[in-house]
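*Asks:* Here it is, the structure in full.
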Amino acid sequence: MQKKTNLSLHEFAKMYLFHPLQIYDTVWHEKAGITLGSDGLRIKSEDLLKIGELLLNKGIYKGETFFDSSWLDEATKPHYKSYMMGSYGYHFWSYI
């Protein structure tokens, strides 16, 4: 039986997103040991650009596939109407 490991959101992001994108200088605030997924991430501007390029290229960065483009389509479409104008997808803000 495989040992179950509990990773924080920040540790998971480092392992599967940040380090493969060569992003190493990150700080993500926690409260009571839980990474605040909605805010508190600090990364350099040039590293944020890498994430932007990954999204613009629908999951592909420098020839490596990070996620299927169909996931991005689903994640960015409106799922929840906000109290103001616009909607949210899966943590993506949408003005549709």
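The values are calculated or read from the model by the stated rules, or taken from the named source; none is laboratory data. What you see is a predicted model, and the numbers here were worked out from it, not measured in a lab. Cβ coordinates were reconstructed from backbone atoms using ideal geometry, including for glycine residues, and neighbour counts include every protein chain displayed.
*Asks:* Does residue 94 count as in contact with a Gly (Cβ under 7 Å, 6 or more places away or on another chain), free of Cβ contacts under 8 Å to residues at least 60 places away in the same chain and not β-branched (Val, Ile, Thr)?
*Replies:* Yes, satisfied.
*Asks:* Closer than 24 Å to residue 93 by Cβ, touching a residue at least 40 places away in the same chain (Cβ under 8 Å), under 16 Å from the mean Cα position of the chain (by Cα) and not assigned by TED's automatic domain parsing to the domain that holds residue 94: is that true of residue 38 in this structure?
*Replies:* yes
*Asks:* Consider residue 75 against the criteria (1) outside any helix (DSSP H, G or I); (2) under 14 Å from the mean Cα position of the chain (by Cα): it satisfies all of them except one. Which criterion is unmet?
*Replies:* Answer for residue 75: the failing condition is (1).
*Asks:* Continuing with this model, one more query. Picking from 87, 82, 94, 69, which residue would you name as being over 20 Å from residue 9 (Cβ atoms), of a type in the set (Ser, Thr, Tyr) and either exposed (fewer than 10 other Cβ atoms within 10 Å of the Cβ) or out of contact with any strand residue (DSSP E or B) (no Cβ under 7 Å at 6 or more places or on another chain) (or both)?
*Replies:* The unique qualifying residue is 69.
*Asks:* Against the condition exposed (fewer than 11 other Cβ atoms within 10 Å of the Cβ), assigned to a loop (DSSP other than H, G, I, E, B) and in contact with a Lys or Arg (Cβ under 9 Å, 6 or more places away or on another chain), how does residue 39 come out, does it pass?
*Replies:* no
*Asks:* Considering only residues that are in contact with a helix residue (DSSP H, G or I) (Cβ under 9 Å, 6 or more places away or on another chain) and part of a helix (DSSP H, G or I), which ones fall in segment 13-36?
*Replies:* If the condition is that a residue be in contact with a helix residue (DSSP H, G or I) (Cβ under 9 Å, 6 or more places away or on another chain) and part of a helix (DSSP H, G or I), then 17, 18 are the ones that fit.
*Asks:* Also, I was wondering about something else. Out of segment 48-69, which residues are farther than 21 Å from residue 90 by Cα and either part of a helix (DSSP H, G or I) or of a type in the set (D, E, K, R) (or both)?
*Replies:* Matches in segment 48-69: 62, 64.
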